[in-house]
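Everything below concerns the one structure shown next.
The values are calculated or read from the model by the stated rules, or taken from the named source; none is laboratory data. Please read all numbers here as calculations on a predicted model, not as lab measurements. Using ideal geometry, Cβ is built from the backbone for each residue, glycine included, and neighbour counts are taken over all protein chains shown. Protein only, heavy atoms only, side chains kept; ligands, DNA and RNA dropped before computing areas. Shrake-Rupley method; radii C 1.70, N 1.55, O 1.52, S 1.80 Å.
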Amino acid sequence: MQVITTTDALAEYCAKAATVPYVTVDTEFLRERTYFAKLCLVQVAMPGNTDENAVLIDPLAEGISLEPLYDLFRNEAVVKVFHAARQDLEIFCVDADVIPSPLFDTQVAAMVCGFGEQAGYETLVRKIAKAEVDKSSRFTDWSRRPLSQAQMKYALADVTHLRVVYEYLAAELEKSGRARWVAEEMAVLNDPDTYLVDPEKAWMRIKTRTTSPKFLAIVRELAKFRETYAQDRDVPRSRVFKDDALIELASTKPQNEQDLGRSRLLLREARRGDIAEGILAAIQTAQALPQEELPKPDKQRQQMQVNPALADLLRVLLKAKAEGEGVAQKLIATSAELDMIASGQRKLPSLSGWRGEVFGTDALLLCEGKVALMAKGNDVVTIRL
């Protein structure tokens, strides 16, 4: 097993990789104690089964630069193949402001090719490559050196079997004419905004039952402080305070450290020092905001009147279309989107692009009363009215 520990060796390998149609890529990282993932290993494989075609790149090796690898990621002539790429891509986007392109995610492709909802790598390897993956090293400490033989074997398997999986799925997509479906899905993964959390918008991820602008203002300022604090100190946001504690703070509105001490959900470390000061300042800032600067609740969502019978029909239609096309339902439309369609909303992903062709067009016709659903044997089909 070849482990690359120098920039020169990496450059030599990447120069060869630049001449092939695709490379498979995976990473090993740690994130339990940090906000940003710590990259510990990069695995890359070229087509072919010779030993030198698959390598382990050690980003922790003294003096190594990953710039040759990033140049390969920027090379539009070489497809970069990942499985469930989102976390891997976040690392490269944050660390080096680079997102591999062109990109192919075998998890997305598998959902398009009839392998169900979010097919796992082991499942695809077993079904397509007819091999088994030993996952016993999955939760080991990848930052420790030297790596064990078991760790290296496990890491390489994540890119060597991926070659067989990719070639099979790419051929299936070519035969079915669905390659552009996967290409559409890659647009989200290629967008840097997918990986960068803006502290100003962090509050939008918090689930609340209250839509009072004054309450939401406190939620916004607390979430902003937490995100900024976590990013600046590279600690998990849950180590600052968790969502349930944030909601509690927005409800109780503590004014001093004595009030913070009465919290049921706030971590002990957050009741004093920098975090306590940040919490109290955030609450004071929110309470001092003029009316026009308070967050505006999503009135469209508040006023959304879902027709439950129509939503149920849309679910039946989605299931029938997904089964007929051999595509995972979740990839076409979420349950929330079906409710939105049933309430009259139309600017949704499930109604455009390839989703519109598979499901959206008939979904709109169903809403307009222009098609009906009918049982035909074991299938559900649409009939024009």
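Against the definition (among the hydrophobic types (A, V, I, L, M, F, W, C) and in contact (Cβ under 8 Å) with a residue 40 or more places away in the chain), how does residue 108 come out, yes or no? Quick ask: steps written out before the conclusion?
Numbers: among the hydrophobic types (A, V, I, L, M, F, W, C): yes; in contact (Cβ under 8 Å) with a residue 40 or more places away in the chain: yes.
Criteria met by residue 108.
Which residues, counting only those in region 36-57, are outside any strand (DSSP E or B) and buried (at least 20 other Cβ atoms within 10 Å of the Cβ)? Outline the logic, then answer.
Step one: filter region 36-57 for residues outside any strand (DSSP E or B), giving 36-37, 46-53.
Of everything in region 36-57, those that are outside any strand (DSSP E or B) and buried (at least 20 other Cβ atoms within 10 Å of the Cβ) turn out to be 46, 53.
Collect the residues in region 172-189 that are surrounded by 14 or more Cβ atoms within 10 Å (Cβ to Cβ), touching a residue at least 60 places away in the same chain (Cβ under 8 Å) and within 16 Å of residue 103 (Cα to Cα), keeping them in residue-number order.
Scanning region 172-189 gives 173, 178, 181, 182, 184, 185, 186, 189.
Report whether or not residue 175 is among the basic types (Lys, Arg), modelled with pLDDT of 95 or more and out of contact with any strand residue (DSSP E or B) (no Cβ under 9 Å at 6 or more places or on another chain). Spell out how you get there, then give the answer.
Values: among the basic types (Lys, Arg): yes; modelled with pLDDT of 95 or more: yes; out of contact with any strand residue (DSSP E or B) (no Cβ under 9 Å at 6 or more places or on another chain): yes.
Judged against the criteria, residue 175 is a match.
Is there any pair linking a residue in region 198-223 that is β-branched (Val, Ile, Thr) to one that is assigned to a loop (DSSP other than H, G, I, E, B), with Cβ under 9 Å and at least six apart or on different chains, and which?
Filtered contacts from region 198-223: 211/297; 211/298; 218/253; 219/206; 219/208; 219/210; 219/295.
Take region 350-361 and flag every residue that is within 22 Å of the chain's Cα centre (by Cα) and surrounded by fewer than 16 Cβ atoms within 10 Å (Cβ to Cβ). Before you say what the answer is, go through the steps one by one.
Start the filter on region 350-361 by keeping residues that are within 22 Å of the chain's Cα centre (by Cα), which leaves 350-355.
Once the filter is applied, which keeps residues that are within 22 Å of the chain's Cα centre (by Cα) and surrounded by fewer than 16 Cβ atoms within 10 Å (Cβ to Cβ), region 350-361 yields 352, 353.
Which is more than 17 Å from residue 167 (Cα to Cα), of a type in the set (Lys, Arg) and more than 16 Å from the chain's Cα centre (by Cα), of 86, 74?
Working: 86 fails: more than 16 Å from the chain's Cα centre (by Cα).
Testing whether each residue is more than 17 Å from residue 167 (Cα to Cα), of a type in the set (Lys, Arg) and more than 16 Å from the chain's Cα centre (by Cα) leaves just 74.
Helices (runs of 4 or more DSSP H) wholly in region 304-385 with at least 3 residues that are of a type in the set (A, V, I, L, M, F, W, C), outside the structural domain of residue 108 (by the TED database) and within 30 Å of residue 105 (Cα to Cα) - which ones?
Result: 308-325, 335-342.
With region 231-271 as the region, which helices (runs of 4 or more DSSP H) entirely inside it contain at least 1 residues that are open to solvent by 60 Å² or more (accessible area, probe 1.4 Å), closer than 20 Å to residue 203 by Cβ and not assigned by the TED database to the domain that holds residue 30?
237-240, 243-252
Here is a list of conditions, (1) touching a Phe, Trp or Tyr at 6+ places or on another chain (Cβ under 9 Å); (2) without any contact (Cβ under 8 Å) to a residue 40 or more places away in the chain, and residue 59 meets all of them except one; can you say which number that is?
For residue 59, the exception is condition (1).
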